[in-house]
Amino acid sequence: MPHSTATPIRMSPCAANTLNPIRKLVDHLVIKPNPDKEFLRLSIGDPSIFGNFNPPPELINAVAEQLQTSCYGYAPAHGLVNAREAIADYYTTDASPVTFNDVFITSGCSDALRICIDAVGSSERNILLPCPGFSVYQTICGNRGVESRFYNLDPDKDWEIDLDHMRSQLDENTAAILVTNPSNPCGSAFTKQHMLDILKVAEEYGVPIIADEIYHKMVFNGESHSFGELSRNVPIISCGGLAKRWLVPGWRVGWIIVHDRHQQLSEVRTGITRLCQVIIGSNTLIQAAIPQILATVPQSFYSETLTKLNFAANLLYTELCEVPELKPCMPQGAMYMMVKLQLDELFDIETDMEFVEKLISEQSVFLLPANIFGMDGWVRIVLTVPDDILRDACNRIATFCQEHSTKRCTEKKKAIEEL
Ligand SMILES: Cc1ncc(COP(=O)(O)O)c(C=O)c1O
């Protein structure tokens, strides 16, 4: 039967089930900022935006040198051998050796996560995800029909996992536990003991861990451990990449590292290799520069980045602690701070979304509502913002809270009446 040329073509169920809550919010936000105030975006986890967190010259030189060679062709789908070797050396510890066979290079950490979820998940199985957590996990599970099950993080214990709650979510159909450490959105970094406790639960249930370690070593004070390094019996599939620690999210290079002491993941490795072959790997030019990047970027670059992030965290924490309607959580790492809204102290705001929308329209400050990470009543602020903008934003947030404060407005009204 002939179709009218105007017949709409329907999108597939896969596309219809693909939903990234961050993009949904950012792309469809209709609230207009206050035209009298510069728009301050403290919402996007891209350190390159403001020009105050730049990659080191060694990184640029490494790529520039490769540009002179012949990196024009396809690389092997799961990565160039010398790049995989360099990543393996970089992550090898005495307790946990890694070889190039354990490393798979991907198109960013998001692609690494997608491949891991595809390698273990199926429509009959569930994967445990953190709450609050990075929303892409749910996006990936959602369009593949893998059930997302959530375990709680406890803000009163530096966002440690509520292990009893995690246990209650596990069953014989759990394909993996996904953990993020250090965390987006929480800015938390687990202690070694807590990581060992998490491993104990995974071992009890015989479930592998997918560790999102894109913020590995981005811890302000104290040690930073990876699950692969600490695990003795639990198979770990770790995801990382250049995006955050090396400050180049746009270069789109990530990796998967398989830690499998007891050869439980042999079949999954084959699965990962096959899944890498779908798109013939990540950007060859940047992959080729990896050995030089990992060998030449000085330690001072990493520590200066952490010093700046820690300074921003302290600034935000100190300023926001002064606002009675807010309760900031001091981060230990990554690039984010979570702030609890004391909603019962704000007379005309009932949700984090309303807080964010009114803050944009009145003060032109954009924070992310944490409901998109699964946690109502909180907002997430990024730390990669220049100090003067952070101070300006804090002042505006303070003014906003004062203007919407039940208590402070009543007191002001009373004082005016008494005049
Ligand atoms: C926890 C977490 N995992 C993964 C990613 C994605 O990394 P990439 O840009 O390398 O895909 C992000 C990006 O913000 C993140 O915060």
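Just a few scattered comments:
- In region 25-42, residue modelled with the lowest pLDDT [restricted to those that are within 16 Å of the ligand (Cβ to nearest atom) and out of contact with any helix residue (DSSP H, G or I) (no Cβ under 7 Å at 6 or more places or on another chain)]: Val26
- Scope region 250-264; condition more than 16 Å from the ligand (Cβ to nearest atom) and either surrounded by fewer than 21 Cβ atoms within 10 Å (Cβ to Cβ) or hydroxyl-bearing (Ser, Thr, Tyr) (or both); matching residues: Asp260, Arg261, His262, Gln263, Gln264
- Qualifying residue in region 70-79 (condition: in contact with a strand residue (DSSP E or B) (Cβ under 8 Å, 6 or more places away or on another chain), assigned by TED's automatic domain parsing to the domain that holds Asn184 and open to solvent by 40 Å² or more (accessible area, probe 1.4 Å)): yes
- Checking Cys394 against (1) part of a helix (DSSP H, G or I); (2) open to solvent by 10 Å² or more (accessible area, probe 1.4 Å), the condition it does not meet: (2)
- Selection of first residues in region 101-114 that are open to solvent by 10 Å² or more (accessible area, probe 1.4 Å) and of second residues that are of a type in the set (Asp, Glu), restricted to Cβ pairs under 8 Å at least 6 apart or on distinct chains, gives the following pairs, ordered by first then second residue: Asp102/Asp260; Cys109/Asp212.
- Within region 120-133, not a single residue is at pLDDT 95 or above, more than 16 Å from the ligand (Cβ to nearest atom), open to solvent by less than 20 Å² (accessible area, probe 1.4 Å) and in contact with a Phe, Trp or Tyr (Cβ under 8 Å, 6 or more places away or on another chain).
- Neighbours by Cβ (under 6 Å, 6+ apart or cross-chain): first from region 51-73, in a loop (DSSP other than H, G, I, E, B); second open to solvent by less than 80 Å² (accessible area, probe 1.4 Å) and among the small types (Gly, Ala, Ser): Cys71/Ala288
- Screening Lys244 on (1) within 14 Å of the ligand (Cβ to nearest atom); (2) open to solvent by less than 10 Å² (accessible area, probe 1.4 Å) shows it passes everything except condition (2).
For (1) within 30 Å of Gly377 (Cα to Cα); (2) hydrophobic (A, V, I, L, M, F, W, C), each residue gets a yes or a no:
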| residue | (1), (2) |
| --- | --- |
| Glu267 | no, no |
| Val278 | no, yes |
| Thr284 | no, no |
| Ala295 | no, yes |
| Phe311 | yes, yes |
| Leu316 | yes, yes |
| Glu325 | yes, no |
| Val339 | yes, yes |
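- Within region 321-330, the residues that satisfy the criterion of being in contact (Cβ under 8 Å) with a residue 24 or more places away in the chain and either under 18 Å from Phe400 (Cα atoms) or open to solvent by less than 10 Å² (accessible area, probe 1.4 Å) (or both) are Glu322, Val323, Pro324, Glu325, Leu326.
- Residue pairs whose Cβ atoms lie under 9 Å apart, sitting 6 or more positions apart in sequence or on different chains, and linking a residue in region 200-229 that is assigned by TED's automatic domain parsing to the domain that holds Arg167 and open to solvent by less than 20 Å² (accessible area, probe 1.4 Å) to a partner that is among the acidic types (Asp, Glu) and within 14 Å of the ligand (Cβ to nearest atom), are Ser226/Glu213; Phe227/Glu213; Gly228/Glu213.
- Total residues in region 1-42, condition hydroxyl-bearing (Ser, Thr, Tyr) and surrounded by 10 or more Cβ atoms within 10 Å (Cβ to Cβ): 1
- In a residue-by-residue description of region 269-283, the property of being open to solvent by less than 40 Å² (accessible area, probe 1.4 Å), within 16 Å of the ligand (Cβ to nearest atom) and in a strand (DSSP E or B) applies to no position.
The values are calculated or read from the model by the stated rules, or taken from the named source; none is laboratory data. Quick caveat, the model's predicted, so the values are computed rather than measured. Methodologically, a virtual Cβ is constructed for each residue, glycine included, from the backbone with ideal geometry; neighbour enumeration extends over all protein chains shown. Please note that ligands, DNA and RNA were not included when accessible areas were found on the heavy atoms of the full protein model with its side chains. Shrake-Rupley method; radii C 1.70, N 1.55, O 1.52, S 1.80 Å.
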